[in-house]
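To start, the structure under review is shown below, and the notes come after it.
Just so it is clear, none of the values below were taken in a lab; they were calculated from the coordinates. What you see is a predicted model, and the numbers here were worked out from it, not measured in a lab. When we count neighbours, we look across all protein chains shown, and the Cβ atoms used for this are built from the backbone with ideal geometry, even at glycine.
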Amino acid sequence: FKVSLVSTSPIDGQKPGTSGLRKKVKVFKQPNYLHNFVQSTFNALTPEKVKGATLVVSGDGRYYSNDAVQGSKATGGFILTASHNPGGPTEDFGIKYNMENGGPAPESITDKIYENTKTIKEYPIAEDLPIVDISAIGVSSFEGPEGKFDVEVFDSADDYVKLMKSIFDFESIRKLLSSPKFSFCYDAMHGVAGAYAHRIFVEELGAQESSLLNCVPKEDFGGGHPDPNLTYAKELVARMGLGKSDTGVEPPEFGAAADGDADRNMILGKRFFVTPSDSVAIIAANAVGAIPYFSTGLKGVARSMPTSAALDVVAKSLNLKFFEVPTGWKFFGNLMDAGMCSVCGEESFGTGSDHIREKDGIWAVLAWLSILAHKNKETLDGDAKLVTVEDIVRKHWATYGRHYYTRYDYENVDAGKAKELMEHLVKLQSSIPEVNKMVKGIRSDVANVSSADEFEYKDPVDGSISKHQGIRYLFEDGSRLVFRLSGTGSEGATIRLYIEQYEKDASKTGRESHEALSPLVDIALKLSKMEEFTGRSAPTVIT
Ligand code: VG1
Ligand code: CO
């Protein structure tokens, strides 16, 4: 085939967010839209990384993926995903570039990509390239102007299963899953996790087919919002006995869900929700005995800033290196590459380790199953009672204290108003005494604010600095309020409000979360003038 140069002009708004570029499908379908972005990415890399290089293209299988694969071609990978955002002709599509370490491109690269999209004039494209059938495994060879090259379609699940077997003790998990005392349920929300779930949970670990919910991947995720949380994973929530009405059927002992691209996870016990912030702390606290990959110890642990400090307490008590980074997985990669961090997590249902450079939803489930198998070594065979998910979490709270935690999302608010709200909160920070006067006027039963700032991060590996990563109000008793604007939405602005309170006293760690947090919620809403700025009397989603 021949290669021709196509002239083009810049298209507005191609700035990669927290995790790639996400827009409505109809935006991506505009002439040159995808081409401009892909070419701008190539232009952001050094020529030797592009010419003659191997490029991996994959995705979460959402609508428009097949079309987008055919158009693309470097040492790194394009991932066609808008992750937990809905999919289909009228919903979102997305694309992100991951580097040779497998992790999301750092800000230095995404900033360059964005600059390039503003000046792009042309891109080369292959003419009459035969369509590659991406549904069939195999190699197709092509003859281009610079010689022969191959396109190989391969099943990434094969490599993934091998990797998981090298990390976890599959035999002990298999024993847990086959025990009559244990029961299991997994909801892939019609995302790409379904393909992996069948291979791993059913074929390798012997789970029942009937324990898989929504595990047939669909281009539009069955019309759902493939975000594993208590609001959107309705079916799983009902099955686990956490729904509004009792189904009358005894819920399974363990349940989990994934998002569209399978990097997020939600962990549930019978009638019990594990907050993602607790989940990463519990995995870190138990990893060494329970997971063979960590048998020689953890190199360090890390969390994103808005994630609760449950992990900090574990790190301190186990004397582990600890890092607090801005939101988004790209910040963990450098720490892992430098051998400084083994386990990390975000409050947004993302948990992972240094086996790869992204959060990993199936890994998190295998980590929890490993911990359950380890804690139940003595109980599976005899008459003893099973140690449940809830038992593990409550014992963790009793040992380390509990971080009551919740997040309020105000989705699709007017972008101008959202900006004003954030500016208002930054302005307030200039006088802490003034803030405390307001706080005391709203509720007299909360601690004083000790400091307030905008989070700024200096990467300890490359020294790069990321500013304006969230507005923080820190209280004397360790409580925190954090406000951020989302970087993954495709329309308007989404305000995220993160609320956290630490309780060390073991006799007070069993309260209802919303009741424990209600004073702080009150303060957050009034301090930020949430309703005044957004017109919303309630958040879209509470997690
Ligand atoms: C959100 C989450 C963040 C996560 C990101 C990508 O970003 O808050 O923790 O890393 O999504 O997750 P934001 O900017 O909207 O708050 V995924 O599953 O979309 O790759
Ligand atoms: Co995702």
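A full extension of the chain between residue 338 and residue 431 corresponds to an added length of 29.5 nm, given 0.36 nm per residue minus the alpha carbon distance. Shown in residue order for the stretch 289-297 are the 3J(HN,Hα) couplings computed by the Karplus curve 6.51 cos²θ - 1.76 cosθ + 1.60 at θ = phi - 60°: x, 9, 10, x, 4, 9, 4, 8, x Hz (x for Gly and Pro). Can you tally the net charge around residue 247? Count Lys and Arg as +1, Asp and Glu as -1, for every other residue whose Cβ sits under 13 Å from the Cβ of residue 247. With Lys, Arg at +1 and Asp, Glu at -1, the neighbours total +2.
Report, in whole Å, the centroid distance computed from the Cα atoms of the stretch 88-144 and the stretch 162-181. What the calculation gives is 37 Å, centre to centre. For the chain, what is the calculated [θ] at 222 nm in deg cm²/dmol (nearest 500), taking -39500 (n - 2.57) for each run of four or more DSSP H residues and dividing by its residue count? Computed ellipticity for the chain at 222 nm equals -9500 deg cm²/dmol. Of the peptides 159-166, 19-26, 476-483, the order by per-residue mean of other Cβ atoms within 10 Å, starting with the highest, comes out as 19-26, 476-483, 159-166.
Say R0 is 56 Å: what FRET efficiency, to the nearest 0.05, do residue 250 and residue 464 get from their beta-carbon distance?
My answer for the efficiency is 0.60.
Starting from the Cα gyration tensor of the stretch 402-542, take the square roots of the eigenvalues, sort them a ≥ b ≥ c, and report rounded, prolate or oblate (rounded when a/c is under 1.5, otherwise prolate if a/b is larger than b/c, else oblate). Because its axes are fairly even, with a/c under 1.5, the stretch 402-542 counts as rounded. A cut-off under 15 angstrom between Cβ atoms defines the neighbours of residue 319, and their net charge, with Lys, Arg +1 and Asp, Glu -1, is +2. For the pair residue 210 and residue 181, a Förster radius of 22 Å applied to the C-beta separation gives a FRET efficiency near 0.80, rounded to the nearest 0.05. Amide hydrogen proximity for residue 59: with H placed 1.01 Å from N in the peptide plane, the residues at 5 or more positions away or on another chain lying under 5 Å are 80.
Spin-label model, residue 220/residue 157: points 7 Å from Cα along the beta carbon direction are separated by 2.4 nm. Computed from the alpha carbon atoms alone, the convex hull of the stretch 3-154 holds 114 Å³ per residue.
What net charge do the residues around residue 136 carry, taking every other residue with its C-beta under 14 Å from that of residue 136, with Lys and Arg at +1 and Asp and Glu at -1? Local charge sum for residue 136: -3.
The length gained by stretching the chain between residue 538 and residue 288 to full extension, at 0.36 nm per residue less their Cα-Cα distance, is 85.8 nm.
In this structure, the amide hydrogen of residue 187, modeled 1.01 Å from its nitrogen in the peptide plane, lies closer than 5 angstrom to those of 213, 256, 257, 258, counting only residues at least 5 positions away or on a different chain. Separation of the stretch 451-521 from the stretch 188-240 is 30 Å, based on Cα centroids. Across q = 0.11 Å⁻¹, the stretch 157-400 modelled as identical point scatterers on its alpha-carbon atoms has Debye log10 I(q)/I(0) values of -0.52, in the order of the q list.
For the stretch 346-448, the calculated P(r), taken from all Cα-Cα distances in 10 Å bins from zero up to the bin holding the longest distance, is 11, 21, 27, 21, 15, 6, 0 percent.
Report note on the peptides 102-109, 268-275, 35-42, 242-249: ranked by the mean count of other C-beta atoms within 10 Å, highest first, their order is 35-42, 268-275, 102-109, 242-249. Over the stretch 135-293, the reciprocal of the mean inverse Cα-Cα separation, the Kirkwood hydrodynamic radius, stands at 17.5 Å. So if each residue of separation counts as 0.36 nm, and I subtract the Cα-Cα distance between residue 142 and residue 420, what length gain in nm does that give? Full-extension gain reported as 94.7 nm. The modelled label-to-label distance for the pair residue 505/residue 29, using points 7 Å beyond Cα in the direction of Cβ, is 6.0 nm.
Eigenvalues of the alpha-carbon gyration tensor of the chain, scaled by 5 and square-rooted, set the equivalent ellipsoid semi-axes at 37, 31, 21 angstrom, largest first. Semi-axes of the equivalent ellipsoid of the stretch 66-216 are 37, 19, 17 Å, computed as sqrt(5λ) over the eigenvalues of the C-alpha gyration tensor in descending order.
Under the criterion of Cα pairs below 8 Å and six or more residues apart, the relative contact order for the stretch 157-400 equals 20 percent. Using the Cβ-Cβ distance between residue 394 and residue 111 with R0 set to 56 Å, the FRET efficiency works out to roughly 0.80.
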